[in-house]
Amino acid sequence: MNRDETAMFSTSSSGRTILHVAVIAGHDEIVKKLVKEGKDKLVKMKDKRGYTALALVAELTGNTNIAKCMVEKKGGELIGQDLLSMKNNDGEIPVLLAAAKGHKEMTSYLFARTRMEDMANNNYHNGVLLLTRCINAEIFGVALSLLQQFPHLPLAHKSKSKSDGVQPLYALARMPSMFLSGSSYGFIRRFLYKILRLPEKKVQNLYGIAVIVTNGSLHEKQIKTSFMGRIFGWIFNILKISQVQLFGRLVIHVYMSFQDLVISNLSGIREIYNKKMTHRLVLEILNCLYQRIQKFKESELREASAYDAMLQAAKHGNIEFIDAMRKANPDLLWAIDKNKRGIFSHAILNRQKVVFQLIHDETVNGRKEIVRCRVDAFGNSLLHLAGNLGPSADLHRRSGPALQMQREILWFKAVEKIVHPKCKEAKNAEDRKPREIFTESHKELVKSGEKWAKDTAGSFTLVATLITTIMFAAAFTVPGGNNQDSGIPLFLKDQTFNVFIIADAISLFTSSTSVLLFIGILTARYAEKDFLKSLPLKLLFGLIALFFSVVSMMVAFCASLAMLLKGHQGVIITAMSFASIPVIVLVPSQLRLFIEIFKSTTDFQASRIVLALLATSMVERFTYSFSTISSNKIPWQEVGPVVIDVGLGREGQHLIPATAIGKELKPLDFKTDL
């Protein structure tokens, strides 16, 4: 190449130059030398597909450093502006190619340097196509910048590529994980998510793309729905009051500095912060789309695939998207596909609880009767659809097949409550009733549930039986032995001995109870309705009894050691520490199963209210004298009826302490925790 300068301009059979080969191989230094020697002529040469070297690196490697060699000088001055606008044989510029392959950094870099005229040409064709590709590739900064820079950007493109077959609305509708409701965080991650603060209004990324976030209030509404979220919101609002504004600014500045330090050093916190930032950007994108949809006519809605997007959002449980679109245009809530299935039909088929609950919304009341009686192209009512087995993704949210079956029954009964009574016995085009479909489609799940329940109960029965045997023997072989003449235990007058005997008795009785409960599971008939309440409750109370038996056994063990090793405090403390290990291991291993059974089998929200009332009552009871408490002279008054909707529907009288009658108590109205 040093002898013949024209050699660098020679091409292969595919039309590629040495620069094309260098950028594909990722050789930065070689690319720099070639760009310096070949100048514009070499950089702008295309292969037979119309690709420049920049287009190739944008599509194939996403190497931003190599792109900078061809686009910028050392000081950052643009030298390849025309290069950014050069199209390949398919009419696509480099930024579109980078977005199609999901190269986030490359897309952001090229977008920040591409002329906006290139986005607006040909009725915003490049702009809409880039918007769709950026949403699909989760490059939300570029997508939001496009929407904010082009207020009249259409929401429909005419690309013939199969990969671009969806419109921007449709692409966003099938991404529930990009919204807060679709993120499944544990307690600790959820707590960190709530306390992390984001920039107030302007967000700017590494390559200079700045976006204005105006819907922080919407984002904060989602964050502040919980107790901890409200607490942190109050604190920051107090710090902004004029009387403490100077101190508040100082505190917020210190907090943000500390947050930046933590984020920069802890990858886990940084991941949560980035996720929260993504949620905020996506909410702003949704807000921009909402404002455009409000002005769309019917033909524009269909061209933008708005109705199809609503159905797709219903399938994926994207409640934020559905809520925004129905407020922009209420008619979108009544989208129907080719099989005459609407949003609620898809919500039932895909077991999307939050979408299904919209049927109780005020905006639906006018057409609720139509929804209740609607049938699809195959003669299926909503109850027929509920009879089908739910998707595997939904079933796997439960710990075992028995609880999965319980969830399926709860769904069927919840839908049964809202459909017209005639639908319960109506037949579809295949001459099948909803209950027949349910029984047929859940046969295998019932068998799997039976096997899982028996295996689980069998394992716990073995453990409970061993504890029963041990504690029964311990009751007659007490620590220290018995008096040879009277047979009375030698440590009878020791207070620790009383602890030992009580703990031993509790462990024996609770382990025996758990054995009987688990035997009840092993001998159950395993009919469909047994999975709703009977089996889960037996398993729940069996687990509780087994837990208390293990704890009581450890207490009895520690009490025994304390009697036998008086004066050896170090040995006793060490032994007690080791005795706590079984409890520590048992709780985390079975806690998830316990919570799932408790939430799905009992009215969890009602339980919390009852506990709150009991707590209030207990506080007031302590103001009474000891004699009043011991004589049980607490006045009780019957109030009701209190309606508690737990899926099957029931109304009953509930007792509330008269001490709470003066308080503001509203009728309870709870929906099933599906």
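Where a number appears in this text, it was derived from the coordinates with a stated rule and is not lab data. This one's a predicted model, so the numbers in the text were calculated from it and none came from an experiment. When we count neighbours, we look across all protein chains shown, and the Cβ atoms used for this are built from the backbone with ideal geometry, even at glycine.
Data for the structure
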item	result
³J(HN,Hα), Karplus 6.51/-1.76/1.60, whole Hz, each residue of the stretch 28-40, x for Gly, Pro	4, 5, 5, 4, 4, 5, 5, 5, 5, 7, x, 6, 4
Amide H contacts of GLU72 (H built 1.01 Å from N, under 5 Å, at least 5 apart or other chain)	ILE79
Amide H within-cut-off set for THR11, under 5 Å, with H built and near neighbours excluded	none
Extension gain (nm, one decimal) between GLU303 and GLN357, 0.36 nm per residue minus Cα-Cα	16.6 nm
Point-to-point label distance, MET576-ILE263, nm (Cα→Cβ direction, 7 Å offset)	4.6
Tensor-based shape of the stretch 5-114 (alpha-carbon gyration tensor, a/c under 1.5 rounded, otherwise prolate or oblate)	oblate
Environment charge at GLY102 (Cβ cut-off 12 Å; Lys +1, Arg +1, Asp -1, Glu -1)	0
Assigned charges on the beta-carbon of Lys, Arg, Asp, Glu; the stretch 446-602 dipole about Cα centre (debye)	460
Karplus-derived 3J(HN,Hα), 6.51/-1.76/1.60, for each residue of the stretch 349-365, Hz, glycine and proline x	4, 9, 6, 9, 4, 5, 6, 4, 5, 5, 5, 8, 6, 4, 5, 8, 3
Net charge of Cβ neighbours under 15 Å - reference ARG189; Lys, Arg +1; Asp, Glu -1	+4
Anisotropy class of the stretch 391-481 from Cα gyration tensor, a/c 1.5 cut	prolate
Gain upon complete extension [PHE476, SER13; 0.36 nm per residue less C-alpha separation]	157.2 nm
Stretch gain in nm, segment SER459-GLU72, where the contour uses 0.36 nm per residue and the Cα spacing is subtracted	132.5 nm
For the stretch 49-54, 3J(HN,Hα) per residue [Karplus equation, 6.51 cos²θ - 1.76 cosθ + 1.60, θ = phi - 60°, Hz, x = Gly/Pro]	8, x, 8, 7, 5, 5
Gyration tensor (alpha-carbon) shape descriptor, the stretch 446-602, a/c threshold 1.5	prolate
Assigned charges on the beta-carbon of Lys, Arg, Asp, Glu; the stretch 5-114 dipole about Cα centre (debye)	80
Theoretical FRET efficiency, 1/(1+(r/R0)^6), r = Cβ-Cβ of LYS417 and HIS568, R0 41 Å, to 0.05	0.05
Environment charge at ALA559 (Cβ cut-off 11 Å; Lys +1, Arg +1, Asp -1, Glu -1)	-2
